[in-house]
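Undergrad: One structure follows; several queries about it will come next.
Here, each number is a calculation from the coordinates, and none is a lab measurement. Since the structure is predicted, the reported quantities are computational estimates derived from the model, not experimental observations. Reconstructed Cβ throughout: ideal geometry from the backbone, glycine too, with neighbour counts over all protein chains shown.
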Amino acid sequence: MASQAKTPWRVVLFRALAAVLVTLAVSTPMVAPAQAIENLRKYAGIVVDAKSGQVLYEEHADSRRYPASVAKVMTLYVVFQELSAGNLKLSTKMTVSKHAASAVPTKLGLRAGSTITVEDAMKSLVTLSANDMARVIAEHISGSESRFAERMTATARAMGMRSTTYRNASGLPDGGQITTVRDQAILGAAIYQHFPNYYDLFQTKSFSYGKKTYGNHNRVLGYKGIVDGIKTGYINAAGSNLLTAARSDGRHVIVVAFGFNSAAARDEKVRQLVSNYFSKGRRGDYLQAALVPQPGRQGNVQVAFAQPQPVFVMPKPLPGWRLAELVAANGARPQTSPAQPMPEVMVASAAPVPVTPPAASAVEAATVLAAPSQSPQVEYPNADVIGAWLSDSYKLGAPPSALGQTTPSAPLDFSPTNSTGQAANDTAAAGAVGGWVVQIGAGPSEDSARAMLSDAAGKVGNLNDFRSYVERFEKNGQTFYRARFVGFGDRDDASAVCNQLKEQNLSCLAMQG
């Protein structure tokens, strides 16, 4: 009998291990990854006239979708809030954490421990769509990305985005991060109405950092000379998304298109929607029906949730370490005051979100409240550059008569049956940080300030090209309301309009916001 060759022990061991692995593979049920989500790559689109709130076109506008990187628009909205409140500057440096540095592409690729300015981080979001920089922003503002996402959600609900929940700052896959194109249209209108001085950021075509230059992912930017950039987005389960707007010739429409298999198909659809519906947009000022409530401002529209009493939805308090940095930077000494209980806003599928009193604008006295578990109240020096300056032509004892009855402002609905409504005298209260503004006066009531704006716009026609707003402030215990126009590129532009107003026997003041 021929002798049998012995099988090497390594081969025997390998075969045994392979058998065990096969057995486990067959007998063990498959476990879905933590980030696995339903595939919602289905088309949904909407076109809304931002001047009237009228829906010009919609398809599956209320079906749930994943925002993908369009979520970064809300991230930037919160950054704009912080800039307007004076909590951040464009030059503020933020530190990259290990969590931020570990973000998956697309990313800027900074190492943990390095720093980047707020301005550069924002530009990387709108061009490169850098996920690592979205995390840097979130952690710098709220201490953690999860807390920042809670603030994003609370802010969305305050603006009337009823079907939107955010779970992270970047739009990376998460099954709980959902929205609708109707909600995103509200955000598209709000970010222009509330922050016109920062809106140009979305038209950034390229961004240079280090030795590299990054082009904007949005290939529809500049189409027909009227399309704004705002934001693209893509994850596998959502497909290619885009939130954009077209503005020209007194018209302003918001276009949202989600769920495409390719960026090219998405872009072609958006161009088609712009071509078909832009001319149907309303010319002129923004009607009351189109105004979006602005979270975090005094005198804001109240937003009711699941409580018996409506509450104001405000930005969450700064984390303790950020508050300490802000105190040191301003040279202010903390002044202890009794901690006040803060109401809570119930957010679906999320922990209760605490709310804080409204943050003052950058040109007013800034007061930052810390949560009871963090730091005492800190008061900062009054930086009001104009005080209680009043229009020479306005008499406190004789407020102007009303210009007609208008429907009270309510959260923007963008519902299919939304009517155009009646014209408001001005736009929603908008921050005027940066750029030049023209103030025509201040009065003891909001209606009196609105009347001044309407009167000025009627006498100087080209004022309709600029945004008007009313700003509440207090002086010597009395409340006043400033009447201003914003959107001037420099001192010369603002002074030229001021001269036209003076020719009509109206007072005015050109100033830097």
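Undergrad: Leu108's amide H: which non-local residues (gap 5+, or another chain) put their own amide H closer than 5 Å, with H modeled 1.01 Å from N in plane and none for Pro or chain starts?
TA: Those qualifying (amide H under 5 Å, at least 5 residues apart or on another chain) are Asn131, Asp132, Met133.
Undergrad: Longer than 20 Å from Cα to Cα, which of Lys42/Lys280; Lys72/Lys107; Lys51/Lys89; Lys72/Lys123; Lys280/Lys459; Lys107/Lys211 are they? Say none if no pair is.
TA: Checking Cα-Cα distances, Lys42/Lys280; Lys51/Lys89; Lys280/Lys459 exceed 20 Å.
Undergrad: Could you pull out every residue, at least 5 positions away or on a different chain, whose amide H is within less than 5 Å of the one on Tyr209? Hs are placed 1.01 Å off N in the peptide plane, and Pro or chain starts have none.
TA: Tyr214
Undergrad: Taking the Cβ of each residue in Tyr57, Tyr166, Tyr192 as the centre, tally the other Cβ atoms inside 10 Å and list the residues starting with the fewest.
TA: Tyr57, Tyr192, Tyr166
Undergrad: Taking 0.36 nm per residue of separation and subtracting the Cα-Cα distance, what length does fully extending Thr117 through Lys93 add?
TA: Once the chain is fully extended between Thr117 and Lys93, it gains 8.2 nm.
Undergrad: While we're here: Can you list which of the GluC sites (Glu not before Pro) found in the range 35-144 are DSSP loop residues with at most 11 other C-beta atoms within 10 Å?
TA: Hits after loop and neighbour filter: Glu38.
Undergrad: Which of His60, His217 has the fewest other C-beta atoms within 10 Å, and how do the rest follow up to the most?
TA: His60, His217
Undergrad: Can I ask one more? Going by C-beta contacts inside 10 Å, put Asp228, Asp49 in order with the fewest on the left.
TA: Asp228, Asp49
Undergrad: What size of dipole, in debye to the nearest 20, comes out for the range 44-282 about its Cα centre when the only charges are +1 on Lys and Arg C-beta atoms and -1 on Asp and Glu C-beta atoms?
TA: The calculated dipole for the range 44-282 is roughly 260 debye.
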